[in-house]
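Here's the structure we're looking at; comments come further down.
Every read-out reported here was derived from the displayed coordinates using simple, explicitly stated rules and does not represent laboratory data. The structure presented is a predicted model; accordingly, all values stated were derived computationally and were not measured.
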Amino acid sequence: MKVKTILVSQPEPKMENSPYQSLVDRTKVKIDFRSFIHVEGVSAKEVREQKVDLSKYTAIILTSRNSVDHFFRVAEEMRYKIPDTLKYFCQSEAVAYYLQKYVVYRKRKIYVGKRTFPELMPLIKKHKNESFLLPTTDKLKDLVPEQLDELGIKWKMATFFKTVISDLSDLANVKYDVLVFFSPSGIESLFQNFPEFKQDGTRIAVYGNTTSQAAKDKGLRIDIQAPTPESPSMTMAIENYIKTLG
């Protein structure tokens, strides 16, 4: 069965030369994008109910653009004036760059990790006397709190935004040759929207071990997997799969 249509369960990339566009150019497949999940902010009242007083923290740990947006949103809703002395610990350069949307970069104390959360740990350890706040989602990986606890620092985690299942009812009668997933929440959304989903000839592509396990738990057959040594990215995995079909 050849691959002609692909649905990626994420928003369409905004960059012009995205790997997906290159994949389309090379293979002539049709790729659609649709978020299976979306983020909704938690109200300032709900944050307060988690016993969070922003004035008690001297440092913020930011793991994503969403955490940046919702930290500043909640601070504004609480009418809290963020002090210039606040320290920002950003998981990656992309997060740190996005922070410029809210602060004058050169006038703030910003510490930047390489890419993954464990790579941020040495920077946090160097400032272990700070009081850290981690504004995060309700679907946080266990690795994050475990690593922060190991450091023995003073820190608190609070839910500032939630991952919510998107309504996909308009896709009920639309068929794709390949469905692409990047998180367990995407798999959850598929079955919440379509409880009677039968895989049949639909190929399932997954990125990461946790997504793979979530798909298996739902009885799905995984046809395309990334990252692997041969296919470090999802687009490479899809292209390699298409090649095997001749």
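Can you give the helix-only mean residue ellipticity at 222 nm for the chain, where every DSSP H stretch with n ≥ 4 adds -39500 (n - 2.57) and the sum goes over all residues, rounded to the nearest 500 deg cm²/dmol?
My calculation for the chain gives -9000 deg cm²/dmol from helical runs alone.
Taking log10 I(q)/I(0) by the Debye sum over Cα atoms at q = 0.07, 0.09, 0.10, 0.14 Å⁻¹ straight from the coordinates, which label in (1) -0.26, -0.42, -0.51, -0.96; (2) -0.29, -0.48, -0.59, -1.01; (3) -0.20, -0.34, -0.43, -0.89 is the correct one?
Label (2) holds the value from this structure.
When the Karplus curve 6.51 cos²θ - 1.76 cosθ + 1.60 is applied with θ = phi - 60°, which whole-Hz ³J(HN,Hα) does each residue of segment 130-145 get, with x for Gly and Pro?
So the J values, rounded to whole Hz, are 6, 9, 9, 10, 10, x, 8, 8, 6, 10, 8, 5, 4, 3, 5, x.
So what is the relative contact order for segment 77-183, in percent, with contacts set as C-alpha pairs under 8 Å and at least six apart?
Relative contact order comes out at 20 percent.
Just Ser185, Ser169, Ser212 to compare: in a GNM of the chain, with alpha carbon springs under 10 Å, which one fluctuates most?
Ser169
Top mean-square fluctuation among Arg115, Arg221, Arg26, Gaussian network model of the chain, C-alpha springs under 10 Å?
Most flexible of the set in this elastic network: Arg26.
So how tilted is helix 65-77 from the main axis of the chain? Cα-based, degrees 0 to 90, rounded to 10.
Approximately 40 degrees, to the nearest 10.
From the square roots a ≥ b ≥ c of the eigenvalues of the alpha-carbon gyration tensor of segment 136-246, which class results: rounded (a/c under 1.5), prolate (a/b over b/c), or oblate?
oblate
Just to confirm the number: angle between the C-alpha axis of helix 184-193 and the first principal axis of the chain, 0 to 90 degrees, nearest 10?
So the helix axis and the longest Cα principal axis differ by about 60 degrees.
What percent does the relative contact order of segment 29-99 come to when contacts are Cα pairs within less than 8 Å and at least six residues apart? Numbers along the way, then the final one.
On the way: 47 pairs, mean separation 26.9, N = 71.
Averaging sequence separation for qualifying contacts and normalising by length gives 38 percent for segment 29-99.
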